[in-house]
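Reading through the structure tokens given below for one structure.
The values are calculated or read from the model by the stated rules, or taken from the named source; none is laboratory data. In this text, all values refer to a predicted model and were calculated from it rather than measured experimentally. No Cβ is skipped: glycine too gets one built from the backbone with ideal geometry, and neighbour counts run over all protein chains shown. Each accessible area value is taken on the protein alone, full model and side chains, heavy atoms only, with ligands, DNA and RNA left out. Shrake-Rupley method; radii C 1.70, N 1.55, O 1.52, S 1.80 Å.
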Amino acid sequence: SSAPAKPAPVAAPVPPPEGEPEGDKPVGDDHYCEMLCCTFKYRPWLDRLKNYRFPSSIDPLTNLMYVLWLFFVVMAWNWNCWLIPVRWAFPYQTPANIHCWLLMDYLCDLIYLLDILVFQTRLQFVRGGDIITDKKAMKENYLQSQRFKMDVVCLLPLDFFYFKVGVNPLLRFPRCLKYMAFFEFNNRLEAILSKAYIYRVIRTTAYLLYSLHVNSCLYYWASAYEGLSSTTWVYDGEGNSYIRCYYWAVKTLITIGGLPDPKTLFEIVFQLLNYFTGVFAFSVMIGQMRDVVGAATAGQTYYRSCMDSTIKYMNFYKIPKTVQNRVKTWYEYTWHSQGMLDESELLVQLPDKMRLDIAIDVNYNIVSKVALFQGCDRQMIFDMLKRLRSVVYLPKDYVCKKGEIGREMYIIQAGQVQVLGGPDGKTVLVTLKAGSVFGEISLLAAGGGNRRTANVVAHGFANLFILDKKDLNEILVHYPESQKLLRKKAKKMLKTNNKPKDEKAAAGDSLIIPPKADTPKLFQAALAAAGRMGGRGQLAQLRWRLKAMQATQVSAGGKGIWLCFVRVPALPDQLYRLSLRCLKGVSSGLTHPTPPKSPVHQRSPVASHKAHTHLGEEIFSKSSDSLVTIRVISTAQEDEEILAAEISEKEEEEKEEK
């Protein structure tokens, strides 16, 4: 049998530090909530309520607490608007329930009074472009406004007439004049709702229901005035009075028909007014509902209009169906993914500062991760964010093709793209996902842009941000330090990316004359034979000059690269050409393997006419950028001249550092 498990040791309580009383605890540490094995600290809601301080000023445009308060004010206003006609017309207010009606009435009056004394006197306002938050100024602004006058009229104490005429609900009719709070609540609520058109539809429907509600109350009052069941036109007193009168009001205002004919003059006049009011009210409601629905579907209507126009254009020019299907697919995906066809149309009406704030929230996290832009001026990044444009690519669309000049940088916002390569150009080298960046070196490449080295294809639907080289150059004009840093980074990144290919061709890239094949074996044998002859003969002289040129080249160090071509008298043309090839092979082993940065370095020198020269004279010619110098030096022998080509390396290195 297994031994009984030992109880887990309990950690001894940690004694308080010396000098601190054991009973003293930091303020707020005595409230804890234990849940399972964890202990959570919390502050009771009662303490929060006690410590709450009412703000001295309220922003009516952005303060959600004020919107919530307006909701209670509107509820009190609706109580008066809906129930005052009912209590006046229908016999629902009786001595038995009069206390409940009065309690609700005075509760609504209290809300009205708090709105005047507490909230309206603390509302901020704009004067001369400044937001005024001074208490005295805010109170004076409210007292001088039309809103204050209407609020005072709403609270006229007509209730004192209850002692003389009894509790008549019509004495509370001024409470319905607080309509300005209702319209303000509508504006504030629509500003914070993502789908405000739903609330507009509900509000328009409420307008229609309220008009029917008032008409039903008037019909019951007319029936009571004529006498219930006195004629076939009035209410007969059977069933639920409100429901039956409301049904009559619906048939009248909507002009459905099937109503009994009025008998008396009062009934005829009442029915005519009902018909006229019903036609007018119903047409207004239908028109307003149409406007609400039209505003809600304005974007969808614009999208359909653009698509229909595009399809009509493609059919007119007989565009192939495959292309038409791709265009339709682009329209549908762009609309469903973005809710619009062009994001710039949404932001064009906003000030520049607001467009920047939106661009920072949407794109800054992605752009800040680009290695090329790290360390640059922060304001330059902000200016660049405003130049980004969004483009949607369909599946299998080419984002860029191999060999084309790159003038854009791409940032993947959504979707994936594939980099294709290999012998057939269809092998997937890498798949880039959302947040990846490619093509950034093309923005700062010399010579007008570097060529793409691979095809980039959209794997599915891809949403990309594009930054043009032209836009970046316009921005960098104002940030010279960032421009230098970006060009330096671009050169380093370009060298790193092309390092394997550069190492193979480094030996010949820095030469004005491209490297040839190795020295032919026939010429090597001739030089060896000349060496065995003890320094006699023309080949021996050529060999001696080659050694001297090599020693001069080594001693020159970093001053330049010299290629000396010596014409030996009576040397056959075939051997002379072989000697040139030999010299080139020697020079290729001495030059630094730094490839030229652009084709502008590989240029021919300016032609120089041949002239008779004296001993020691030289004829030289320089290229337009002074990087290549060609010299022709005369020697003691008439038939012998030395051709020297100098390529400056220091100037090229200094330009790269700049």
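What's the magnitude of the charge dipole for the range 64-192 around its Cα centre, counting Lys and Arg as +1 and Asp and Glu as -1 at the beta-carbon? Answer in Debye, nearest 20.
Value, rounded to 20: 180 debye.
Can you give me the Kirkwood hydrodynamic radius for the range 278-336, using every pair of distinct Cα atoms, in Å to one decimal?
Kirkwood hydrodynamic radius for the range 278-336: 13.8 Å.
Take GLN300 and MET104, extend 7 Å from each Cα along the Cα→Cβ direction, and tell me the distance between the two endpoints in nm.
Roughly 3.8 nm, to one decimal.
Roll a 1.4 Å probe over the protein chains and send me the accessible area per residue for the range 64-192 in Å².
Counting only protein heavy atoms, the per-residue value for the range 64-192 is 56 Å².
How large is the accessible surface per residue of the range 369-497, computed with a 1.4 Å probe and reported in Å² as a whole number?
51
Quote to one decimal, in nm, the extra length available between VAL430 and ALA371 on full extension: 0.36 nm per residue of separation minus the C-alpha distance between them.
19.4 nm
What spacing in nm lies between the two simple spin-label points modelled at ASN51 and ARG631, each 7 Å away from Cα in the Cβ direction?
With each label placed 7 Å out from Cα toward Cβ, I get 8.6 nm.
Any of LYS433/LYS491; LYS386/LYS489; LYS386/LYS484; LYS433/LYS470; LYS401/LYS495; LYS386/LYS469 with alpha carbons more than 18 Å apart? Name them for me.
LYS433/LYS491; LYS386/LYS489; LYS386/LYS484; LYS433/LYS470; LYS401/LYS495, as the Cα separations exceed 18 Å there.
Using Cα pairs under 8 angstrom and six or more residues apart, how large is the relative contact order of the range 64-192, in percent? It would help to have the intermediate numbers written out before the result.
Numbers: 99 pairs, mean separation 47.1, N = 129.
Normalised by residue count, the contact order of the range 64-192 is 37 percent.
What span do the alpha-carbon atoms of the range 369-497 cover on each of the three principal axes, reported in whole Å from largest to smallest?
So the three principal-axis extents are 42, 28, 21 Å.
Could you check how much of the accessible area of the range 369-497 is carbon and sulfur, as a whole percent, using a 1.4 Å probe?
Whole-percent figure for carbon plus sulfur exposure: 51.
Using a 7 Å offset from the Cα along the Cα-to-Cβ direction at both LEU350 and ILE198, what is the distance between the two label points in nm, to one decimal?
Roughly 2.4 nm, to one decimal.
Output the pairs from LYS396/LYS426; LYS402/LYS488; LYS369/LYS402 with a Cα-Cα distance over 23 Å in this structure; if there are none, say none.
Violating the 23 Å limit, Cα to Cα: LYS402/LYS488; LYS369/LYS402.
What accessible area per residue, rounded to a whole number of Å², is obtained for the range 241-300 using a probe radius of 1.4 Å? Show your work: numbers first, answer last.
Values: 3640 Å² over 60 residues.
I get 61 Å² per residue for this part.
Normalising by the residue count of the range 123-252, find the relative contact order in percent from Cα pairs under 8 Å and 6+ residues apart.
Relative contact order here is 13 percent.
Leaving ligands, DNA and RNA out of it, report the carbon-plus-sulfur percent of the accessible area of the range 240-355 at a 1.4 Å probe.
Roughly 65 percent, rounded to a whole number.
Over the range 64-192, with every protein chain in place, what whole percent of the accessible area is carbon and sulfur at 1.4 Å, could you tell me?
Carbon and sulfur: 71 percent of the exposed surface of the range 64-192.
Can you give the FRET efficiency for ILE358 and LEU117, using 1/(1 + (r/R0)^6), R0 = 41 Å, r = Cβ-Cβ distance, to the nearest 0.05?
Efficiency, rounded to the nearest 0.05: 0.55.
Restricting the calculation to Cα positions, tell me the Rg (one decimal) and the Dmax (whole number) of the range 64-192 in Å.
When restricted to Cα atoms, the range 64-192 yields Rg and Dmax of 16.8, 57 Å.
Go through the range 288-325 and name the chymotrypsin sites (Phe, Trp or Tyr not before Pro) that are in a DSSP coil and have 11 or fewer other Cβ atoms within 10 Å of their Cβ.
Answer in residue order: TYR317.
Taking amide H positions as placed in the peptide plane 1.01 Å from N, state which residues far from CYS400 in sequence (5 or more) or on other chains have amide H under 5 Å from it.
So CYS400 has HN proximity to VAL456.
Are there any trypsin sites (Lys or Arg not before Pro) in the range 404-497 that are in a DSSP loop and have at most 16 other Cβ atoms within 10 Å? List them by number. Walk me through the numbers before you get to the answer.
Working: sites: ARG407, LYS426, LYS433, ARG451, ARG452, LYS469, LYS470, LYS484, ARG487, LYS488, LYS489, LYS491, LYS492, LYS495; in loops: ARG407, LYS426, LYS433, ARG452.
Taking the range 404-497 and a limit of 16 other Cβ atoms within 10 Å, the loop trypsin sites (Lys or Arg not before Pro) found are LYS426, LYS433.
Report the Rg/Rh value for the range 250-367, based on alpha-carbon coordinates and the Kirkwood definition of Rh.
Rounded to two decimals, Rg over Rh is 1.31.
What trypsin sites (Lys or Arg not before Pro) does the range 277-349 have in DSSP loop regions with at most 16 other beta carbons within 10 Å?
For trypsin sites (Lys or Arg not before Pro) across the range 277-349 that sit outside H, G, I, E and B with at most 16 neighbouring Cβ atoms in 10 Å, the list reads LYS318.
Once the Cβ-Cβ distance between ARG290 and CYS176 is put in as r, and R0 is 41 Å, what FRET efficiency do you end up with, to the nearest 0.05? Write down the numbers at each step before the final one.
Values: r = 28 Å, r/R0 = 0.68.
Taking R0 as 41 Å, the efficiency between ARG290 and CYS176 is 0.90.
Starting from the Cα gyration tensor of the range 305-440, multiply each eigenvalue by 5, take the square root, and state the resulting semi-axes largest first in whole Å.
Values: eigenvalues 171, 121, 28 Å².
Each semi-axis is √(5λ); the values are 29, 25, 12 Å.
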